Amino acid sequence: MGILFLIRHAQASFLEQNYDKLSKLGEVQAGLLGEYLARRGIVFDRVCAGPCVRQRDTAELMREAYLKAGLAFPEPLMLPEFNEYQGEAVLERSLPGLLENDQSIRGLHAVFQSSTSSTERRASFQKLYEAVIGKWVDGALPLPHVEAWSEFSSRVNLGLSRIVRNGGRGETVAIVTSGGPIAVAMQRALNLTPQHTLQVSWMSRNCSWSEFLYSGERFTLSAFNAHPHLDDAAMLTYR
C-alpha cells in the first residue's frame, strides 16, 4: 500500500499585486514543515509540485530543510494536473455582471470596498470570493476560456490516477499543491458532492498536509489538514 501526502502550499502574498509568491511567513512555514517531517524520518520516494510559484517554492524550501538535516529529498517533479483552479479569472470575469444583477454579491462587494484594516479586507474578500466561486461550482457562471469546475475536478483526478497507477508498492509520495486539488482528493476518498468539496477546500491551512493510502483502485483518507509543526498560533493561516 502506498502513502500519498498532499501538502498545501505555504502562505502566499494575499491581496498583493502578485499573489503567486510566498510571503515571509510562508517561507518560515515551509521550512518548519520540512524540518518536522525530516525529524520524523519520513523519506519520500517521489516529490511533485503543481506549476505555481507558491507550490514549487514550498517544495524547494522543504527540500532545503531535508538536505540540511542530512536526509535525501527527491528533486520535485512539476505536475500541471495539480495546479489550482482559476479562481482569480472566475472572479475577474464574472464580477461585473454579478454586480449588476445579484444583490447579495453587490452587498458583499460593498463591504469589501469599505473595509480599511488588513483583517477586515481579508475577511470581507473571502466572503465575496466564496460566494462567487460557489456559483461557479454550481455551473451558474459559464465563462468562455476559463476551466469549468467539472474540468478542474477531472484534471486533478487524472493526476491522482497517474500517481496511484504508477506507484510502487509501499512507496511514499509528496505532492505540494493547493486547497482545491486537496479537496478533490477528499471528494475521491469520501464521495463528496461538488459543494461539499468546495467547503472542504476552504478548510486547508497553509502548509498543512493530508494523507491518503492507495492500493489498486483503493484510495482512502488517513489524515486531513494536519499541522503539528505550526505550534505557534501566529503561524496558522488560511491565505
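Given the options 123, 59, 65, 38, name the one that is closer than 26 Å to residue 181 by Cα, assigned to a helix (DSSP H, G or I) and at pLDDT below 95.
None of the others qualify; the one that does is 123.
When you scan segment 167-188, do you find a residue that is part of a helix (DSSP H, G or I), among the polar types (S, T, N, Q) and under 17 Å from the mean Cα position of the chain (by Cα), even just one?
yes
When you go through 98, 67 one by one, which is the residue that is buried (at least 16 other Cβ atoms within 10 Å of the Cβ) and either of a type in the set (A, V, I, L, M) or more than 16 Å from residue 174 (Cα to Cα) (or both)?
98
Looking at 216, 134, 159, 139, which one is in contact with a Leu (Cβ under 8 Å, 6 or more places away or on another chain), of a type outside the set (Lys, Arg) and farther than 30 Å from residue 39 by Cα?
The match here is 134.
Looking only at residues in segment 41-50 that are of a type outside the set (Phe, Trp, Tyr) and in a loop (DSSP other than H, G, I, E, B), which one is surrounded by the most Cβ atoms within 10 Å (Cβ to Cβ)?
My answer is 50.
With the checklist (1) out of contact with any Asp or Glu (no Cβ under 7 Å at 6 or more places or on another chain); (2) more than 24 Å from residue 11 (Cα to Cα) in hand, flag the one item residue 186 doesn't pass.
The single condition residue 186 does not satisfy is (2).
Counting only residues that are more than 20 Å from the chain's Cα centre (by Cα) and assigned to a helix (DSSP H, G or I), which one in segment 126-166 is modelled with the lowest pLDDT?
This residue is 166.
Residues are listed down the side, and each one gets a yes or a no for (1) without any contact (Cβ under 8 Å) to a residue 60 or more places away in the chain; (2) under 20 Å from residue 83 (Cα atoms); (3) not small (Gly, Ala, Ser):
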position: 109; (1), (2), (3): yes, no, yes
position: 114; (1), (2), (3): yes, no, no
position: 121; (1), (2), (3): no, no, yes
position: 157; (1), (2), (3): yes, yes, yes
position: 163; (1), (2), (3): no, yes, yes
position: 177; (1), (2), (3): no, yes, yes
position: 182; (1), (2), (3): no, yes, yes
position: 187; (1), (2), (3): yes, yes, yes
position: 192; (1), (2), (3): yes, no, yes
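Within segment 1-35, count every residue that is in a strand (DSSP E or B), among the β-branched types (Val, Ile, Thr) and surrounded by fewer than 24 Cβ atoms within 10 Å (Cβ to Cβ).
Residues that pass the stated criteria total 1.
What residue, among those in segment 200-231 that are charged (D, E, K, R) and at pLDDT 95 or above, is nearest to the chain's Cα centre (by Cα)?
Out of the qualifying residues, it is 205.
From the list 94, 114, 124, which one is closer than 19 Å to residue 195 by Cβ and polar (S, T, N, Q)?
Of the residues listed, the single one that is closer than 19 Å to residue 195 by Cβ and polar (S, T, N, Q) is 94.
What is the number of the single condition among (1) without any contact (Cβ under 8 Å) to a residue 40 or more places away in the chain; (2) over 27 Å from residue 233 (Cβ atoms) that residue 173 does not meet?
Single failed check for residue 173: (1).
The values are calculated or read from the model by the stated rules, or taken from the named source; none is laboratory data. If you're wondering where the values come from, they're calculated on a predicted model, not measured in any experiment. Heads up, the Cβs are rebuilt from the backbone with ideal geometry, glycines too, and the neighbour counts pull from every protein chain shown.
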